[in-house]
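Colleague: I have a structure here, written as structure tokens, and I will follow up with some questions on it.
The values are calculated or read from the model by the stated rules, or taken from the named source; none is laboratory data. Since the structure is predicted, the reported quantities are computational estimates derived from the model, not experimental observations. Backbone-built Cβ (ideal geometry, glycine too); neighbour counts: all protein chains shown. All accessible areas refer to the heavy atoms of the entire protein, side chains included, with ligands and DNA or RNA removed. Shrake-Rupley method; radii C 1.70, N 1.55, O 1.52, S 1.80 Å.
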Amino acid sequence: MLIKRKTDLTYADVTPKERAMGRRNFLMGLLATTTIVAGWKKLPGLLAGPGTGSVPGKLNGVVKSPYTTSGEKITPETDVTTYNNYYEFGTDKGDPSKNAKNFQTSPWTVSVEGEVTKPRKFTMDEILKLAPLEERIYRHRCVEAWSIVVPWIGYSLSTILNQVQPTPKAKYVAFESYYEPKQMPLGGEAGIALPYLEGLRLDEAMNPLALLCVGMYGETLPNQDGAPVRMVIPWKYGFKSIKSIVKIRLVKDQPQTTWNMYTGFNGQPEYGFYANVNPKVDHPRWSQAKERRLGEFLKRPTLMFNGYSDQVASLYSGMDLRKNY
Ligand SMILES: Nc1nc2c(c(=O)[nH]1)N[C@H]1C(S)=C(S)[C@@H](COP(=O)(O)O)O[C@H]1N2
Ligand SMILES: [Mo]
């Protein structure tokens, strides 16, 4: 059996063969050569039928992280991969796992640009090799009052931001998701502005907890969870954790975000820029005091900053969190 060193890995090695080659080529390859099958451990997943989403590949050389949240029961992977918000692939929780299966995530590049000394594009191979991949177990809480605990894989966003060297003018970071209506035909009916846009203040983005995420549960990200690269910002509501990122722009002014622009219910904006998890500040249409962990029956109390106050509360000292919600 051929064992590759970590430095020899390419994204095509760790991404599902189906995604790397395109489904038709992959199936043709299966017909042509049976030797491929012997080395392809994930074949049963490919044949598992509807609702299972894409087939992730194993990520090697993942190290434990000092930023892991201990003492939490990890949410079953099947819950995390079948109950999703990814409006480009439909607005029902079960839609993304069904509709994102053939999403093409290879080749992929992320452009990091704007107020930086060294703007550049990173390929997925380059992103995977920029720093050791860490497994970080984080609580993740959706603004809709459900939560999950996931072993994400990645490294601090600051790693890639430091590569391009933000200038003194850079005060915010603006993120942009991939959007291509041909691959995401339901995006037009989602009722939100696409491409999906998000943003952080630069000091929030530089906080080590802000994770540039390339995998979960030991493998690359399933398409419905934001393949091939997304953010995970554990102290903020889930909508800040933008999926399938193609652009990261350092900017002077607070950027527009998809949910800041959204005025769906009664013409009133409902979602602020900061979106810090806060049990004391309710959503206009529901309380944020409690949440339901996926797979559990009884609700549990929501924690200030989702339980990460020690690491992030100082970012907001002196700010009125009712106004800056
Ligand atoms: N591009 C994009 N990113 C997105 C979303 C989306 O619709 N499109 N939904 C957000 C919301 S509301 C949540 S709660 C999380 C959900 O992540 P998960 O499906 O991996 O649990 O993704 C966030 N990132
Ligand atoms: Mo969410």
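Colleague: Just the residues that are closer than 18 Å to P66 by Cα and open to solvent by 10 Å² or more (accessible area, probe 1.4 Å), please, taken from the stretch 131-152.
Modeller: Correct list: A131, P132, E134, E135, I137, R139, H140.
Colleague: Would you point out the residue of the stretch 304-325, among those that are among the aliphatic types (A, V, I, L, M) and touching a residue at least 60 places away in the same chain (Cβ under 8 Å), that is least open to solvent (accessible area, probe 1.4 Å)?
Modeller: Selected residue: V312.
Colleague: Do you know which residues across the stretch 204-258 are more than 16 Å from ligand 2 (Cβ to nearest atom), under 21 Å from L303 (Cβ atoms) and not aliphatic (A, V, I, L, M)?
Modeller: Once the filter is applied, which keeps residues that are more than 16 Å from ligand 2 (Cβ to nearest atom), under 21 Å from L303 (Cβ atoms) and not aliphatic (A, V, I, L, M), the stretch 204-258 yields E204, N207, P208.
Colleague: Could you say which residue among Y217, Y237 is in contact with a helix residue (DSSP H, G or I) (Cβ under 6 Å, 6 or more places away or on another chain) and under 20 Å from K93 (Cβ atoms)?
Modeller: Y217
Colleague: Still on this structure: Kindly indicate whether any position in the stretch 102-123 is in contact with a Pro (Cβ under 7 Å, 6 or more places away or on another chain) and in a helix (DSSP H, G or I).
Modeller: No, the conditions are met nowhere in the stretch 102-123.
Colleague: A follow-up question, please. With the requirement that a residue be in contact (Cβ under 8 Å) with a residue 24 or more places away in the chain, open to solvent by 40 Å² or more (accessible area, probe 1.4 Å) and not in a strand (DSSP E or B), what does the stretch 170-188 give you?
Modeller: Answer for the stretch 170-188, where residues must be in contact (Cβ under 8 Å) with a residue 24 or more places away in the chain, open to solvent by 40 Å² or more (accessible area, probe 1.4 Å) and not in a strand (DSSP E or B): K171, Y178, Y179, Q183, L186.
Colleague: Give A227, A193 a once-over and let me know the one that is among the hydrophobic types (A, V, I, L, M, F, W, C), out of contact with any strand residue (DSSP E or B) (no Cβ under 6 Å at 6 or more places or on another chain) and open to solvent by 10 Å² or more (accessible area, probe 1.4 Å).
Modeller: Result of the check over A227, A193: A193.
Colleague: Going by the structure shown, is L294 within 15 Å of ligand 2 (Cβ to nearest atom), more than 14 Å from the chain's Cα centre (by Cα) and either over 27 Å from S97 (Cβ atoms) or not acidic (D, E) (or both)?
Modeller: yes
Colleague: Residue under question is Y155, and the condition is that it be buried (at least 19 other Cβ atoms within 10 Å of the Cβ), under 30 Å from K101 (Cβ atoms), among the hydroxyl-bearing types (S, T, Y) and more than 16 Å from ligand 2 (Cβ to nearest atom); does it hold?
Modeller: So Y155 passes the test.
Colleague: Does at least one position in the stretch 131-142 carry a residue that is in a strand (DSSP E or B), closer than 30 Å to H283 by Cβ, away from ligand 1 (no atom under 11 Å from the Cβ) and charged (D, E, K, R)?
Modeller: The answer is yes; a qualifying residue exists.
Colleague: Can I ask one more? Which fully enclosed strands (runs of 3 or more DSSP E) of the stretch 191-261 have 1 or more residues being more than 12 Å from ligand 1 (Cβ to nearest atom) and modelled with pLDDT under 95?
Modeller: Strands (runs of 3 or more DSSP E) meeting the threshold: none at all.
Colleague: Only one of these is touching a strand residue (DSSP E or B) at 6+ places or on another chain (Cβ under 7 Å), farther than 18 Å from E135 by Cβ and not hydroxyl-bearing (S, T, Y): P255, P181. Name it.
Modeller: P255
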